[in-house]
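Chemist: Next up is a structure, given as structure tokens.
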Amino acid sequence: MMCAFRIYDNEQNCCGCGACIDACPQKAISLKDNEFGFRYPYINNSLCISCGVCKASCGFQNKPELRKPEVVYAGFSRNDMTLSSSGGLFACIARRIIEEGGVVYGCSMEKVNGKLIPKHICVDKIADLPRLQGSKYVQSETENIYSAIKHELSSGRKVLFSGTPCQNASLIKFIGKQSSNLLTLDFICHGVPSYTFFREYIELLEKSMNATIDKFVFRGNIPGNSFCANIEVVKKNGKKKQIYLPSYLSSYYSYFLSSEIYRDSCYKCELAQQFRVSDITLGDFWGIEDTHPEFCMKNNLEQGAGVSCILINTNKGKECFEKIKSVLIQQKSTLDKVVMSNKQLNSPSIPSKTRSKLLALYKDKGYKAIEEYYKKNLGIKLMIRKLRFVTQTRNLK
């Protein structure tokens with residue numbers, strides 16, 4: 001008899017973390033795109049035995065214990081700032097785990113079969129940490145990651161996992177019990193667009209540039225511009241160039257920042273709150289020049305650039321932070337001060353009416369229609385600036 005088991009009742013109840021795929025003992029689940037390009041688990045009913053393990057592993061529907069941060073800091077790394085989006089804290093923590101013989105799982109922008117794919121990978125060498133640094137404003141692939149982490153923990157190895165709050169929640173549910181060797185790290189998350197949106201956007205960029213994009217760094221550490229992509233392209237003649245693309249000249253980047261292209265679950269996420277699922281939460285300390293002006297003046301920081309907020313949520317998180325304090329410039333803060341400029345610590349993102357328009361356009365004509373809609377609303381003056389951005393390049397060796 002064919003099974004008709006359901007992991008979720010509607011798409012708002014699925015965050016796309018992929019833990020159900022790893023959890024299924026029958027290997028009956030795979031991810032497929034819906035009509036809007038967002039991936040959801042699909043059950044092969046001929047293999048399903050209705051055991052319910054998949055639904056039990058979902059940290060989005062079955063949240064693990066949440067904790068209010070025990071202590072909060074503002075800070076940044078003395079050494080690991082080059083490739084970091086803000087304070088370089090992730091690299092400091094990851095370095096320590098590897099030095100202690102552990103491994104680090106995080107999102108990397110990998111080039112696979114000529115395409116950029118955001119996916120979680122395992123790193124066990126400090127030299128490979130740059131692959132995990134920097135913000136990736138797109139949902140990552142996590143196939144086999146949860147089971148791989150469970151295997152590492154069963155062998156007695158230390159593991160650091162970095163991901164969205166929902167990915168962390170599902171990892172904790174997947175492991176099933178507390179492990180002293182697992183350190184979980186999340187970030188203050190606004191929401192995630194689909195990889196399908198990102199892939200089609202990159203394809204349009206490549207066509208407009210008549211080049212192949214080798215790297216796409218969302219926050220390229222451009223002085224005076226927190227949200228400017230750093231793109232490495234390879235021209236038809238083999239020469240490489242670096243191109244800087246401000247967010248307001250990018251349809252994908254702009255719609256991400258305005259909360260218009262996230263998956264449905266992001267707009268009802270119960271993990272977007274002050275009580276946290278992970279051992280440590282990191283984020284940008286926006287507005288620190290107002291809340292801690294003395295800290296900024298003392299460290300010659302312009303508008304608080306490059307400072308992280310660090311939420312220590314558990315004793316494990318506290319022990320880890322104590323081990324890395326010596327390589328940080330840091331100061332104690334309060335949760336209230338962080339919340340002032342991080343709305344996702346109070347509630348999830350809110351879409352405008354534009355989101356429905358964008359999804360309808362995508363369903364009918366693909367991402368190209370979204371790009372055309374953005375250009376039309378961008379304005380003539382900004383379009384001229386877009387034509388000029390190509391000149392803001394430099395040759396690469």
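The values are calculated or read from the model by the stated rules, or taken from the named source; none is laboratory data. Here the structure is a predicted model, which means the values were calculated and not measured. Virtual Cβ from ideal backbone geometry, glycine too; neighbours counted across all protein chains shown. The protein model used for the area step is the full one, side chains on, heavy atoms only, and it has no ligands, DNA or RNA in it. Shrake-Rupley method; radii C 1.70, N 1.55, O 1.52, S 1.80 Å.
Chemist: Stretched out fully, how many nm does the piece from Ser155 to Tyr42 gain, at 0.36 nm a residue minus the Cα gap?
Modeler: 37.5 nm
Chemist: Compute the accessible area per residue over the chain, keeping the other protein chains in place, probe 1.4 Å, unit Å².
Modeler: So the chain comes to 47 Å² accessible per residue, rounded to a whole number.
Chemist: Highest GNM mean-square fluctuation, the chain, Cα pairs closer than 10 Å: which of Thr164, Thr184, Thr212?
Modeler: Among Thr164, Thr184, Thr212, the largest GNM mean-square fluctuation belongs to Thr212.
Chemist: With charges only on Cβ, +1 for K and R and -1 for D and E, what is the dipole size of segment 5-98 about its Cα centre, in debye, rounded to 20?
Modeler: Here segment 5-98 has a charge dipole of around 280 debye.
Chemist: What fraction of the DSSP beta bridges in segment 154-290 is antiparallel, stated in percent and rounded to the nearest 5?
Modeler: Around 65 percent of the beta bridges assigned by DSSP in segment 154-290 are antiparallel ones.
Chemist: To the nearest 500 deg cm²/dmol, what mean residue ellipticity at 222 nm is calculated for the chain from DSSP H runs of n ≥ 4 alone, each contributing -39,500 (n - 2.57), summed and divided by the residues?
Modeler: The per-residue figure over the chain is -8500 deg cm²/dmol.
Chemist: Quick one: Karplus J couplings for segment 109-118, per residue in order, coefficients 6.51, -1.76, 1.60, θ = phi - 60°, nearest Hz, x for Gly and Pro?
Modeler: Result, rounded to whole Hz: 8, 8, 9, 10, 6, x, 10, 7, 10, x.
Chemist: To continue, here is another question. Quick one: how many Å² of Tyr253 are accessible to a 1.4 Å probe, rounded to 10?
Modeler: Near enough 0 Å² of accessible area.
Chemist: Still on this model: Between segment 282-326 and segment 119-136, how many Å separate their Cα centres?
Modeler: When both Cα centres are located, 22 Å separates them.
Chemist: Once amide H atoms are placed 1.01 Å from N in the peptide plane, what residues at a sequence separation of 5 or more from Val71, or on another chain, have their amide H within under 5 Å of its amide H?
Modeler: Residues meeting the amide H criterion: Ile312.
Chemist: Would you mind checking Lys173/Lys368; Lys136/Lys236; Lys337/Lys376; Lys177/Lys332 for any pair whose Cα atoms are more than 30 angstrom apart?
Modeler: From the list (Lys173/Lys368; Lys136/Lys236; Lys337/Lys376; Lys177/Lys332), the Cα-Cα distance tops 30 Å for Lys173/Lys368; Lys337/Lys376; Lys177/Lys332.
Chemist: Next up: Taking R0 as 22 Å, what FRET efficiency do you get between Lys27 and Arg6 from their Cβ-Cβ distance, rounded to the nearest 0.05?
Modeler: 0.75
Chemist: Further, regarding this structure: Name the residue farthest towards the positive end of the dipole of the chain from the options Gln133, Gly101, Ile21, assuming +1 on Cβ of Lys and Arg, -1 on Cβ of Asp and Glu, about the Cα centre.
Modeler: Gln133
Chemist: Moving on to the next point. Treating only the Cβ of Lys, Arg, Asp and Glu as charged (+1, +1, -1, -1), what charge dipole size does segment 69-183 show about its Cα centre? Round to the nearest 20 debye.
Modeler: My answer is approximately 100 debye.
Chemist: May I pose another question? Suppose the chain between Lys323 and Met297 were pulled fully straight at 0.36 nm per residue; how much longer would it get relative to their current alpha carbon spacing?
Modeler: 6.7 nm
Chemist: I'd like the accessible area for Cys15, computed on protein heavy atoms only with a 1.4 Å probe and all protein chains in place. Round to 10 Å², please.
Modeler: Using a 1.4 Å probe on the heavy atoms, I get roughly 10 Å².
Chemist: Considering only DSSP beta bridges whose two residues both sit in the chain, what percent are antiparallel, to the nearest 5?
Modeler: Restricted to the chain, the bridges split so that about 80 percent are antiparallel.
Chemist: How large is the charge dipole for the chain, taken about the Cα centre, if only the Cβ atoms of Lys, Arg (+1) and Asp, Glu (-1) carry charge, to the nearest 20 debye?
Modeler: 1000 debye
Chemist: Mind giving me the FRET efficiency for Ser147 and Asn79? R0 is 45 Å, r the Cβ-Cβ distance, nearest 0.05 is fine.
Modeler: Efficiency, rounded to the nearest 0.05: 0.85.
Chemist: For segment 1-159, compute the orientation-averaged projected area of the C-alpha convex hull (one quarter of its surface), in nm².
Modeler: 12.5 nm²
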